[in-house]
Structures are given as structure tokens and as C-alpha cells.
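Working notes for the structure below.
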Amino acid sequence: MSLPPMSPKANGLLASMPEPEWLRWQPQLEWVNLELGEVLYESGKPQTHVYFPTTAIISLLYVLEDGSSAEIAVVGREGLVGVSLFMGGESTPSRAVVQSAGECYRLRASGMQTEFNRGGPVLHLLLRYTQALITQMTQTAVCNRHHSLDQQLCRWLLLSLDRLQGYNLVMTQELISNMLGVRREGVTEAALKLQRAGLIEYARGHIKVLNRAGLEHRSCECYAVVKTEYDRLLPHTVAT
């Protein structure tokens, strides 16, 4: 017997909306269950919905002409996928892929654009979230250029943990390598280093974090920079 869907207010942005805005939004939200590896939108294609994850995690990937890709940001219950819809772009050169399967609510593009154009508290909330997301994107670029692969993997694991309930991630090697922009062999080597250090248990497609504090110690400063900015800009009330 399946469990009832998670409340929309398990998403931080939806939970923080003032009551008048929430009452207007609620009837427009559609619950969806997202599968691992599912593509929500492709590079350059018009976006039809904005997504508010509750238990799912979405990876935003930049895709090159030869098909290779690298992650530029990760989105979970703290935020939304589809900022281009209310920033006026309607499409983006990135691809949105489900990194961790789970639940999500979505809103049609026309509904989001109407709400954003109303101004008021929703506009300010969405702009603060966009600023936090841009910080994550820029810090990811710096991290990928200047820090070791195992440091990048620590950062990625910590960002994912912040968006999960529990300490287990189900991922394919291919998906992790696409996100970090490296070969699968590099992912395996970095993961085994963390396993030998007693920080994670790693098997094909499954990662269990054993020592979060150890991951934070081993990670570069990029994780802390991103987390501090999200904590500064966004409200923390999330219903379960």
C-alpha cells in the first residue's frame, strides 16, 4: 500500500509563503513522482513547468556540443527548478535531471509567470532564492577548477545530504560521473578513498554516509560558502 503524498509545504519555498499567496497557489500545484535519471527539461528547450521538490533531488547540468556534461547546481526541498521561467528567459542551456528519485510538486509556466508579475512577497522570495542558486553555481565552477576530485565529491555528498531525509543515496556511477564531469573510474577511485577513510560505504549505485563531520572536515570551503548563503537568504520553516 503506497504512502500518501508528502505535503507541498515540505518544500521550503512553498512553506514560507504568506497565507493569501499560498491559498492562491495551492489549487494550481500538481503532485508528481520523479524517477532516478528522469529529464525534466533539455538544454535550449522551452520549459513548461516549474518544479518544487519535496523528497526528490534535481541536478542542473551544463551540456556541451559533444554531449558531455557537468553539474552546475543541485536543487532539493529548499528550492525550485525553472528560474528561467520567471526571469524572462523561458529556456536555458542547462539540463535538469533527477539525481535522487522522490516526490515533487509542479506549477505550469503561465501560472508562475503570472504570480511573479504580481510582485510583492513572492517576487522577493524567488529573487532571494535565485541569488542563492547563483552562488552555488559560481562556487561549483571554482571548486571544479581548483579542488581535488575527492574534495568535490565531499562537497557534492554534503549538498545532497542537506536535501535528503537520511544518509543513503541511490545513484548510478554514470550519473555521478556526468555530474562531476569526470570519468567513471575517477568517481570510483575518489569514492573508495572516502570509504577507506571510514566516511562512507560505497557499492554500485549506493552510497551510505557514515561520518558527516568527517566529510565536512575533508571537503573544501566551497560547501560552507554555499550553505552559509542559503541560510542567510532563505527561510528555514519546512513542514513534513
statement: All-but-one check, R24 against (1) buried (at least 17 other Cβ atoms within 10 Å of the Cβ); (2) out of contact with any Phe, Trp or Tyr (no Cβ under 6 Å at 6 or more places or on another chain); (3) part of a helix (DSSP H, G or I); (4) not acidic (D, E), failing number (1)
- request: Output the number of residues of the stretch 42-52 satisfying the condition of being among the hydroxyl-bearing types (S, T, Y) and either buried (at least 23 other Cβ atoms within 10 Å of the Cβ) or not assigned by TED's automatic domain parsing to the domain that holds L29 (or both).
  value: 1
field: Given (1) under 15 Å from the mean Cα position of the chain (by Cα); (2) more than 13 Å from Y51 (Cα to Cα); (3) in contact (Cβ under 8 Å) with a residue 24 or more places away in the chain; (4) not assigned by TED's automatic domain parsing to the domain that holds A197, index of the condition Y105 fails
entry: (2)
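A quick yes/no check of all residues on (1) at pLDDT below 80; (2) surrounded by fewer than 18 Cβ atoms within 10 Å (Cβ to Cβ); (3) aromatic (F, W, Y); (4) within 21 Å of V63 (Cβ to Cβ):
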| residue | (1), (2), (3), (4) |
| --- | --- |
| Q131 | no, yes, no, no |
| L158 | no, no, no, no |
| D162 | no, yes, no, no |
| R184 | yes, yes, no, yes |
| E201 | no, yes, no, no |
| N211 | no, yes, no, no |
| A224 | no, yes, no, no |
| D231 | no, yes, no, no |
| V238 | yes, yes, no, no |
query: Which pairs do you get when a residue that is closer than 11 Å to V122 by Cα, found in the stretch 12-33, comes within reach of a residue that is part of a strand (DSSP E or B), reach meaning Cβ atoms under 9 angstrom, with the pair 6+ apart or on two chains?
result: L13/F52; L14/F52; L14/Y105; W25/L107
query: Residue check: is F86 closer than 28 Å to L64 by Cα and aromatic (F, W, Y)?
result: yes
- request: Mind listing whichever residues of the stretch 53-105 are surrounded by fewer than 24 Cβ atoms within 10 Å (Cβ to Cβ) and of a type in the set (K, R)?
  value: R95
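The values are calculated or read from the model by the stated rules, or taken from the named source; none is laboratory data. Just so it is clear, the structure is predicted and the values come from calculations on it, not from any experiment. Please note: Cβ atoms are built from the backbone with ideal geometry, for glycine as well, and neighbour counts cover all protein chains shown.
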